[in-house]
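This report refers to the structure that appears directly beneath it.
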Amino acid sequence: MSTLARLLKLIAPFKWWVTLAVWLNFLAIGASVGLMALSAYLISKAALMVNVSELALAITSVRLFATLRAILRYLERYFSHTATFRILTHLRVWFYRAIEPLAPARLMQYRSGDLLTRSVADIETLENFYIRVIVPPIAAALVVVLACLILGAFDGSLALALSVFLSLTGVALPLTMRWLGKRPAGQLIAARAELNAMLVDEIQGLADLLAFDQADAHRAKVLRLSDELQRVQEQQALLRGVSNALTVLFTSLAALTVLWLAIPLVSGGQIEGVYLAVLPLTAIASFEAVQPLALALQQLEASQAAGRRLFELIDAAPEVCDPTESASLRGAHAAPRATRPAAKTWRERNGVESKRVTKQSHSRLEEIASSSYGLLAKTDTDLTLAFKDVHFRYHPNDPLALDGVSFTIPAGSRAAIVGASGSGKSTIVNLLLRFWDYHEGQITLGGRDLHDYRADDVRALLGVVPQNVHLFNATLRDNLRLANPDATDEQIKAACHQAQLHEFIAGLPLGYDTPIGENGLLLSGGERQRLALARAILKNAPILILDEATANLDAITEEQLFRSLESFMADRTVLIISHHRVALEHVDQVIEVEQGRVISG
Ligand code: ADP
């Protein structure tokens, strides 16, 4: 389907709004034409010093058209804008829904500034498509018919002359301008996208650019791009200027030609003299309808370019496709705890009693924590995690990131994955989270292949503390609520207490209402990690994955953290990716990976 057809299909739910906008536009310009024609008639008639009663109808009609024109113009603007905002909302939601399944695998190839341009500027360009591209030509066609009918009622030649000038202004001029403006329009979109992408990149990396003394070089690049953008915009402005000038010229020429043709008709007695002024003024008024057509065609170009960029993005096949029916994660595949080959847990091996851990302290927060987050330990769902000979590469030509990985983490036990950077540890988490799909080997959860589950269902079971957590520019509380929007303040505090963060937050003047800046820049690395951990605790999922989650903590804090997490980790399946000795002391098995292979564990 062509881009134009797809754009039209997108507008389908708004066809009545657009129809209303077309009619109101036509009626408003029609009222203008009527006002001009009647005013000319009234002035000419009054000049003949006729009885005022003979003018009564014309005077009333002029008043009526003047009032109508204002009301109709208001209504037209009102409904057009309402329609535009609704369409804009619809487009944003449509685009967001379309790209959501593509994250993160398919979106990685785009720079964030490019994505920003597509989701903001391109969508806003499309907003014009409906009101500035579709409505004006239809309304113009109706006005042209009306004006030609009025002039044709006096003489066919007048209608013909008018239609020639209207076509010149409404068709030939826009087509020429489109042809001339094609290159600048494409260049404008590309240059704007490039500039936005570069600016976002640069602002995000400003600290590094300053540190490496590269800010000036980057500023020069940005300036070069803005110059390019300005050059293209100037070209477009020049074209618009020429187009406006020619429109005024054609309007005047049309009025003169109509007058020139009408004078002999008046002298010959075919047309009454009082109508002479009516004819050119009707012609002039009708040009209001064709004036926006040059812009409409320019907008058509821009809309198609923006539409192509949006469709190109959303047409990408998602990396992971959900099965039509998700396998049940409870009941059917549940294995009673007693019959499951239970792994000897860290507590058993180290002789630590659960009671001692959970009742270490009787503080109120710990009580809340154990009552809020202890529930999962009692479920019978078998959440044994197993990788069987999994091979995976990110792109067909890439080397294998996982080369026959096999391991099993029995439900309720804890495993650590260790290995040098680049050995494939995060890839294991990426596959578990269904961010990427595997095609060789098998990953099972509760005995069923991960492919049998919907990605959302799997993710609901995983509480992940990622290596690079994304924090939103909001308050601490809002960032925590992301994991569980229904969490009470007490539960939030309890989770932070377990993540060893509560004391820090309680010491802040604004406490949980402290804004943390863009991506949590106002927090230290360790605080960010503990915040991510508190989020995972609040999510209360049965499987906990810590991906280098304690990398920024000192050994004492880390040890305290693991101790405090004991009650939360009890009976959950836990996967820890870490280099630290402290973390390894808290697990039942250590899986060592090297260059995508498990070498021990
Ligand atoms: P680790 O977590 O052990 O440091 P990763 O799992 O991140 O290692 O990476 C394993 C290999 O996969 C590395 O060679 C890395 O370059 C590659 N890799 C990781 N992420 C991507 C990606 N999104 N696209 C392409 N290659 C990737």
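Summary value for the range 7-314: 33 percent relative contact order, contacts being C-alpha pairs under 8 angstrom separated by 6+ residues.
Our estimate of slack between THR176 and ARG240, defined as 0.36 nm per intervening residue step minus the Cα-Cα distance, is 21.9 nm. Between the beta carbons of LEU55 and PHE85, assuming R0 = 51 Å, the FRET efficiency works out to 0.70 to the nearest 0.05.
Computed from Cα positions, the angle between helix 15-47 and the longest principal axis of the chain comes to roughly 20 degrees. Placing pseudo-labels 7 Å out from each Cα toward the beta carbon at VAL248 and ARG308 gives an inter-label distance of 3.5 nm.
Between ALA317 and ILE203, the contour length at 0.36 nm per residue exceeds the Cα-Cα span by 37.9 nm. FRET efficiency for the pair ARG111 and SER2, taken as 1/(1 + (r/R0)^6) with r the Cβ-Cβ distance and R0 = 35 Å, rounds to 0.80.
The angle between the Cα long axis of helix 364-373 and the main principal axis of the chain comes to about 80°, on a 0 to 90 degree scale. Computed on the chain, with alpha-carbon pairs under 8 angstrom and 6+ residues apart, the relative contact order is 15 percent.
Computed over the chain, the per-residue total of -39500 (n - 2.57) for DSSP H runs of n ≥ 4 gives a 222 nm mean residue ellipticity of -19000 deg cm²/dmol, rounded to 500. Give LYS388/LYS539; LYS425/LYS539; LYS221/LYS425; LYS182/LYS221 a once-over and call out the pairs whose C-alpha atoms are over 32 Å from each other. Going by Cα-Cα distance, LYS221/LYS425 fall outside the 32 Å limit.
Does anyone have the angle between helix 278-290 and the longest principal axis of the chain? Alpha-carbon axes, 0 to 90°, nearest 10? Approximately 10 degrees, to the nearest 10. Length available on full extension from ILE556 to VAL164: 0.36 nm per residue minus the Cα-Cα distance, which gives 132.4 nm. Each label point was placed 7 Å from the Cα along the Cα-to-Cβ direction; for GLU585 and LEU482 their separation is 3.2 nm. For the range 200-266, chymotrypsin sites (Phe, Trp or Tyr not before Pro) are listed when DSSP marks them as loop and at most 13 other Cβ atoms sit within 10 Å of their Cβ; the list is PHE212.
Highest mean packing comes first when the peptides 513-519, 252-258 are listed by Cβ atoms within 10 Å, giving 252-258, 513-519.
Here TYR275, TYR453 are placed in order of increasing Cβ neighbour count within 10 Å, fewest first, which gives TYR275, TYR453. Couplings for the range 567-574, taken from phi via the Karplus curve 6.51 cos²θ - 1.76 cosθ + 1.60 with θ = phi - 60°, read 5, 6, 7, 3, 6, 8, 7, 10 Hz in order; Gly and Pro are left as x. Under the convention that each Lys and Arg Cβ holds +1 and each Asp and Glu Cβ holds -1, the size of the dipole of the range 7-314 around its Cα centre is about 500 debye. The convex hull drawn around the Cα atoms of the range 7-314, when projected onto a plane and averaged over every direction, covers 19.6 nm². Amide H contacts for VAL418 (H built 1.01 Å from N in the peptide plane; partners 5 or more residues away or on another chain; cut-off under 5 Å): ILE591, GLU592, VAL593.
Put in line by how crowded their Cβ is, counting other Cβ atoms within 10 Å and starting with the fewest, HIS451, HIS81 read HIS81, HIS451. The label-point distance for ARG63 and GLN233, in a model that sets each label 7 Å from Cα toward Cβ, rounds to 4.8 nm.
Residue order for ILE99, ILE43, ILE591, fewest other beta carbons within 10 angstrom first, comes to ILE43, ILE99, ILE591.
Computed from the coordinates by the stated procedures, all read-outs in this text should not be read as laboratory data. This one's a predicted model, so the numbers in the text were calculated from it and none came from an experiment. In this analysis, Cβ positions are derived from the backbone assuming ideal geometry, glycine residues included, and neighbour counts consider all displayed protein chains.
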